[in-house]
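Visitor: Submitted below is the structure of interest, expressed as structure tokens.
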Amino acid sequence: MDSDGGMAFQFLSPEWVVAAQGIRGRFESRLGKIDTPIRINHVITGTPFGEDGIVLAHMNTADGSLLLDLGAIDHADATVTADYETAKSILLSSDPQLTLHAMLTGKLKIEGDSQKVLSLQSHLGQFDGAEAITEELLRELRAITD
């Protein structure tokens, strides 16, 4: 249970992904459209669950919004590999420097089109009120994350 009495789930567990998708759905009309389709597979290692501690997930912006779901997708622009704690801290933080730091220290590896991966952060901040809306969304994501 989180401090609001709601449920908190392990980051990237199936229950967490469903709850995160619900949050994204509530914010959809307030979020700006992402003009560039970006398809990224994620390989998360050292998870407390999943096959051999590995979880496959993906992000896809083909419909103009950011979709996060479990499983890999075909024809991804890039594959990002990170350990569980690194992935969790990057996704739940509004600090763009965390991604760069993780890359420089080898905790995050990008195979494929790294420019598309790195451009995703700038796409998310290009509309009026983006910072406040992003912080509100991240607060809700943090609240459901154990």
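A short reminder: the numbers here are calculations on the coordinates, not readings from a lab. Just so you know, these numbers come straight off a predicted model, no measurement behind them. Here the Cβ positions follow ideal geometry from the backbone for every residue, glycine too, while neighbour counts run over all protein chains shown.
Visitor: Counting helices only, and only those DSSP H runs with n ≥ 4, report the 222 nm mean residue ellipticity of the chain as the sum of -39,500 (n - 2.57) divided by its residues, in deg cm²/dmol to the nearest 500.
Guide: Values: 5 runs with 55 residues, N = 146.
Theoretical 222 nm ellipticity from helices: -11500 deg cm²/dmol.
Visitor: With a 10 Å cut-off between alpha carbons and a GNM built on the chain, which of 63, 52, 77 moves the most?
Guide: Checking each option, the largest mean-square fluctuation is seen for 52.
Visitor: Tell me, what is a quarter of the convex hull surface for the C-alpha atoms of the range 1-113, in nm² with one decimal?
Guide: 7.9 nm²
Visitor: Counting only residues 5 or more places away or on other chains, whose amide H sits under 5 Å from the amide H of residue 83 once H atoms are built in the peptide plane?
Guide: 45
Visitor: How far apart, in nm, are two points set 7 Å out from the Cα along the Cα-to-Cβ line at residue 74 and at residue 114?
Guide: For the pair residue 74/residue 114, the computed spacing is 2.9 nm.
Visitor: Suppose R0 equals 30 Å. What FRET efficiency, 1/(1 + (r/R0)^6) with r the Cβ-Cβ distance, do residue 131 and residue 52 give to the nearest 0.05?
Guide: Details: r = 38 Å, r/R0 = 1.28.
Plugging the Cβ-Cβ distance into 1/(1 + (r/R0)^6) gives 0.20.
Visitor: Give me 89, 114 ranked fewest to most by other Cβ atoms within 10 Å of their Cβ, as a rough exposure proxy.
Guide: 114, 89
Visitor: Sticking with this one: Return the FRET efficiency for the residue pair residue 139, residue 7: r is the Cβ-Cβ distance, R0 is 22 Å, and the value is rounded to the nearest 0.05.
Guide: Details: r = 16 Å, r/R0 = 0.72.
Computed FRET efficiency for residue 139 and residue 7: 0.90.
Visitor: Out of all DSSP beta bridges in the chain, what portion is antiparallel? Express it as a percent rounded to 5.
Guide: 70 percent
Visitor: By how many nm would the segment from residue 43 to residue 104 lengthen if fully extended, with 0.36 nm per residue of separation less the alpha-carbon distance?
Guide: The span from residue 43 to residue 104 would gain 20.2 nm if fully extended.
Visitor: Counting other beta carbons within 10 Å of each residue's own, what order do 117, 18, 80, 43 fall into, fewest first?
Guide: Least to most surrounded, the residues fall as 18, 43, 117, 80.
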